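**Q** Structure provided below as structure tokens; questions to follow.
The values are calculated or read from the model by the stated rules, or taken from the named source; none is laboratory data. Keep in mind that what you see is a predicted model, and the values were worked out from it rather than measured. For neighbour counting, all protein chains shown are included, and Cβ atoms are generated from backbone atoms with ideal geometry for every residue, glycine included. Accessible surface is based on the protein model in full, side chains and every heavy atom, while ligands, DNA and RNA are left aside. Shrake-Rupley method; radii C 1.70, N 1.55, O 1.52, S 1.80 Å.
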Amino acid sequence: MNDTPTPDTGAPILRSVGLRKSFGSLDVLKGIDLDVKRGDRIAIIGGSGSGKSTLLRCLNFMERPTGGQVILDGERIGDARVAKDGSETITYRERDLMAVRKRVGMVFQQFNLFPHMSTVENVMEGLVTVLRRPKAEARERAAQELARVGLGDKLDVYPGRLSGGQQQRVAIARALAMDPEVLLFDEPTSSLDPELVGEVLRTILSLAEDGRTMLLVTHELGFAYRFATHVIYLSDGVVHETGTAEEVFRNPQRDKTRAFIARSSEFSL
Amino acid sequence: MGYQFDFSMVIKILPVLWRGVIVTVELTIACLAVGLILGFFVALLRVSPAAPLRFVGRAFVEIFRNIPALIQLIWFFYAFPIVIGAQLSPFVAAVLGISLNTAAFSAEIYRSGIQSIERGQWEGAMAIGMSRAATFRRVVLPQVFRRMLPAFTNRAVEVAKVTSLASVLSVHELMYQGRVLSSTFYRPLEILTTVGLVYLVMIYPMTWASAAMERRMRRRA
Ligand SMILES: Nc1ncnc2c1ncn2[C@@H]1O[C@H](COP(=O)(O)OP(=O)(O)O)[C@@H](O)[C@H]1O
Ligand SMILES: [Mg+2]
């Protein structure tokens, strides 16, 4: 990431170095270098199948990278083993990956709420089972998070009774309750009816005002421009172009980026 | 048909039939409890990431659901004692035979339930730092029980019916009492008809409940 003004500077909170991921013979990520500082908001854009989801999922280890490193707050994740020929392989212990996921939250396209739990129970779940908070305290915290996303009056409602936009806001509250240092969004509005997109985007923007560190995969380039401090254009598993939102959207340096942005009909600055 | 119906003695035999009903209910509950618990662990084998464990689970299921329950009962009463060197009571042999059969079928219900839970549920839970075990316990299983309740109720219906096989081991359940009474009174038509009706009264509510649950779930889906 280049040195443009960001809300905060200093050591990166999340880095990837030469991050690779293959599924069998399919190389999806071909060496991604990423530098996320506290307070950065990074929009990841790119065509379908370019590896955007895979990149996010490797950063919180929903998928295990097949090469390269992820460094969270200066700490490399995984145990490196150097083979006789000098090559290095990294093995991951589930326990360590769980610890990472506590600190790097994720919001999914399909919400993935627990349908058998009320909204407040959904948000409490991580507090109680992962952070071992007492139930009463967890419930209070969950209620605060739900109020923050505008659902303070829906505590005891089940997800099945909520609109898609409301469900996604519950999912955001569920992630926020864990106090993540970084929050990942994978196309959070792609499965929503158009009239429900706005409320979710507003919620995400309000998190930006709080100075949250976020990575967001989106097709809504107009929103990406308003949201992001930095933009990454991913193509064929590599970072094809990166820069500030201003640079990438207003003045893309490479033809492919320019063509991609021009193709996105919804992008009007 | 010049047959003279005589249902008057049915009143007299009711206390005996009632004792049979109690034993049938006991058998059903015992077999269901053992079958559902054992079946759960067999299902865990079936979905295990370790191939040898999956094989053991699979073998259990195929053996105990493809050998007729009647043969299993008789085997446990007459053959199993030779293996262990001790006689089993007819009740215990019946419970063993029927439970293993029930476990095999229940395991398949659990397994299909577990596999029907979307991957997103695992991911939603793991993304907040939950372990696989915690996810299974807190997120997956509760949904499996809900989703599979009609199937489990159907299984309970089958178990209640299949307990009648225990009469061949002289377990004093409803069918056994019916057979003894009908040969004592020489009134098989009245007595066995009554026995059939008693089964119907016991079992139909469960069948109805299962169908009602299925209807309700389909409406909600
Ligand atoms: N679990 C998986 N197994 C096999 N292939 C996968 C898997 N996940 C993603 N892929 C493949 O990786 C490529 C990139 O996928 P993805 O990261 O989802 O792209 P994007 O989010 O940019 O649309 C696609 O070709 C996709 O089919
Ligand atoms: Mg994607």
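A quick yes/no check of all residues on (1) buried (at least 21 other Cβ atoms within 10 Å of the Cβ); (2) within 17 Å of the chain's Cα centre (by Cα); (3) at pLDDT 90 or above:
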site	(1), (2), (3)
A:205	no, yes, yes
A:211	no, yes, yes
A:221	yes, yes, yes
A:231	yes, yes, yes
A:243	no, no, yes
A:247	no, no, yes
A:252	no, no, yes
A:260	yes, no, yes
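**Q** Assess whether residue A:224 counts as being more than 19 Å from residue A:150 (Cα to Cα), within 16 Å of ligand 2 (Cβ to nearest atom) and in contact (Cβ under 8 Å) with a residue 60 or more places away in the chain.
**A** yes
**Q** Can you say whether residue A:155 is farther than 24 Å from residue A:52 by Cα, free of Cβ contacts under 8 Å to residues at least 60 places away in the same chain, more than 19 Å from the chain's Cα centre (by Cα) and crowded, with 18+ Cβ neighbours inside 10 Å, as far as the supplied structure shows?
**A** no
**Q** Residues that are among the hydroxyl-bearing types (Ser, Thr, Tyr), more than 18 Å from residue A:121 (Cβ to Cβ) and more than 10 Å from chain A (Cβ to nearest Cβ): find the helices (runs of 4 or more DSSP H) completely inside segment B:81-160 holding 2 or more of those.
**A** Helices (runs of 4 or more DSSP H) meeting the threshold: B:90-116.
**Q** Mind listing just one residue for me: the one in segment A:38-71 that is in contact with a Pro (Cβ under 9 Å, 6 or more places away or on another chain) and free of Cβ contacts under 8 Å to residues at least 60 places away in the same chain and, of those, farthest from ligand 2 (Cβ to nearest atom)?
**A** A:71
**Q** If you don't mind, there's one more thing I want to ask. Looking at (1) touching a residue at least 12 places away in the same chain (Cβ under 8 Å); (2) open to solvent by less than 60 Å² (accessible area, probe 1.4 Å), which one does residue B:70 not meet, given that it meets all the others?
**A** Looking at each condition in turn, residue B:70 falls short on (2).
**Q** Being within 9 Å of ligand 1 (Cβ to nearest atom) and either within 14 Å of chain B (Cβ to nearest Cβ) or at positive phi (or both) narrows it down to one residue among A:78, A:18, A:49, A:31; which is it?
**A** A:49
**Q** So if I check each of B:25, B:16, B:21, which one is within 30 Å of residue B:189 (Cβ to Cβ), surrounded by fewer than 18 Cβ atoms within 10 Å (Cβ to Cβ) and modelled with pLDDT of 95 or more?
**A** Only one candidate passes the filter, namely B:25.
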